[in-house]
2 protein chains.
Amino acid sequence: MAQRVQNLRRAPTSVAMASALALSGRRWAFRIVWELRVGPLSFRALQAACGTISPSVLQHRLHGLRDLGIVERIPRLGYRLTASGERLFHVLAALNKWSAELTKELH
Amino acid sequence: MAQRVQNLRRAPTSVAMASALALSGRRWAFRIVWELRVGPLSFRALQAACGTISPSVLQHRLHGLRDLGIVERIPRLGYRLTASGERLFHVLAALNKWSAELTKELH
DNA sequence: CATCCATGCTACGTTTTTGATAGCGCTGAT
DNA sequence: ATCAGCGCTATCAAAAACGTAGCATGGATG
């Protein structure tokens with residue numbers, strides 16, 4: 001395990017990782033995935049869950065996330081995570097844990 | 001474990017998580033952390049590692065990451081991850097793995 | 001049928017963020 | 001003294017995101 005991490009440190013940033021990082025760098029992208037963890041949400045419910053996202057950006061993101069196979073649209077149910085999206089959720093759960101530790105640390 | 005994930009799904013998005021997601025949503029933010037996994041990098045080396053980031057944005061991000069205690073500046077060595085930054089790297093390692101599986105899946 | 005309401009989504013003008021490029025001031029080596 | 005590399009700033013252009021209004025559809029209700 002320690003060895004594997006060392007290899008990760010040495011290896012150049014892969015194309016796949018670069019695009020995952022590019023995805024993460026678009027505003028609201030991960031937040032949308034995170035909000036969908038509860039189950040399918042309608043467009044408007046998703047908008048409300050994110051708080052202040054504008055519908056144009058939400059629409060933009062949903063297209064991108066659908067193109068990547070992270071989110072899918074279900075008629076009459078709205079949007080929900082695919083299997084890949086679910087796996088991404090687990091990554092975000094790790095981020096969630098990290099964020100909790102970070103803010104605890106800042107006090 | 002399964003139970004803990006269910007709780008995560010039910011719980012509302014915390015303030016800490018919202019700001020972590022906001023951080024992720026700024027372009028290059030996570031990429032910078034990822035590139036610093038190899039060890040300390042100078043401003044220009046970091047710029048080169050990211051590929052095409054402009055110096056003004058890099059400067060902006062570094063300030064933000066320093067304010068959050070994720071990155072620190074070491075005289076004559078450049079920038080490196082703090083302990084929190086290292087823990088964030090481990091989260092990104094999970095993202096790395098996810099990205100590899102995702103692209104494998106798309107073929 | 002007519003009305004109402006919620007939905008997914010688009011249009012559009014403004015603001016914010018990011019980008020590209022040039023270059024300044026400093027430091028250390030030659 | 002020169003020179004190269006460094007961290008970083010300035011400036012302007014381009015792109016992304018925002019806020020708001022509103023359209024079209026479809027189902028429920030009177």
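The values are calculated or read from the model by the stated rules, or taken from the named source; none is laboratory data. Just so it is clear, the model here is predicted, and its values are computed rather than measured. Positions of Cβ are backbone-derived with ideal geometry, glycine not excepted, and every protein chain shown enters the neighbour counts. Side chains are part of the model used for accessible areas, which takes the heavy atoms of the whole protein and leaves out ligands, DNA and RNA. Shrake-Rupley method; radii C 1.70, N 1.55, O 1.52, S 1.80 Å.
Among the numbered conditions (1) part of a helix (DSSP H, G or I); (2) within 11 Å of DNA strand C (Cβ to nearest atom), the only one that B:R66 does not meet is (2). As an exercise: evaluate A:Q6 against (1) at pLDDT 95 or above; (2) in a helix (DSSP H, G or I); (3) within 20 Å of B:V33 (Cα to Cα) and give the number of the one condition it does not meet. Condition (1) is where A:Q6 drops out.
Among what's in the range A:22-50 and is touching a residue at least 40 places away in the same chain (Cβ under 8 Å) and within 13 Å of DNA strand D (Cβ to nearest atom), pick the residue that is nearest to the other protein chains (Cβ to nearest Cβ). Here the residue is A:F30. Just wondering, is there one or more residues in the range A:17-27 that are assigned to a helix (DSSP H, G or I), more than 14 Å from DNA strand C (Cβ to nearest atom) and farther than 15 Å from B:S99 by Cβ? No - not one qualifying residue is present in the range A:17-27.
Scanning the range A:69-100 for residues that are more than 7 Å from chain B (Cβ to nearest Cβ) and in a helix (DSSP H, G or I) returns A:A83, A:G85, A:E86, A:F89, A:H90, A:L92, A:K97. Report yes if some residue within the range A:30-48 is among the hydrophobic types (A, V, I, L, M, F, W, C), surrounded by 15 or more Cβ atoms within 10 Å (Cβ to Cβ) and assigned to a loop (DSSP other than H, G, I, E, B); otherwise report no. Checked against the condition, which is being among the hydrophobic types (A, V, I, L, M, F, W, C), surrounded by 15 or more Cβ atoms within 10 Å (Cβ to Cβ) and assigned to a loop (DSSP other than H, G, I, E, B), the range A:30-48 yields no hits at all.
Suppose we filter the range A:63-92 for residues that are open to solvent by less than 40 Å² (accessible area, probe 1.4 Å), more than 12 Å from DNA strand D (Cβ to nearest atom) and in contact (Cβ under 8 Å) with a residue 12 or more places away in the chain; how many remain?
Result for the range A:63-92: 14.
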